[in-house]
Amino acid sequence: MKSFKISFYKSDGGELTKLLQFFRLAEKIEDLVANPPQEFLDMLDEYLPLQGWAEMEENRANIYVVFTPRGNNIRDFEHNEFRRWLDTIKPADFKGAADGPQADK
């Protein structure tokens, strides 16, 4: 069994805010995908998942999911800038950030 630390962030206008962090035990990440935690399902009422990735180690893993508020119309410029930032961010950039990272403007 691996310990999975799961962190949810909210993107609003290109800025990320940490919403929730919790832990789950699972054999592999596919088990979490096949049977998502209730916290993920609860987020879907107000948010849509925008991006997600995992940082895997032998006995533990970090999972990051970025959500955007439903009905949030990200302007093309903001969307492109945020997308460019997501393409360059690394999971290690999230370590030690109390309120979550922010996109460069």
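Since every read-out is calculated from the coordinates, none of them should be taken as a lab result. Note that the structure is a prediction, hence the values are computed from the model and not measured.
Quick notes
- Once the chain from residue 70 to residue 31 is taken as fully extended at 0.36 nm per residue, the excess over their C-alpha distance is 11.4 nm.
- Extension gain for residue 92-residue 20 works out to 24.1 nm (0.36 nm per residue, less the C-alpha to C-alpha distance).
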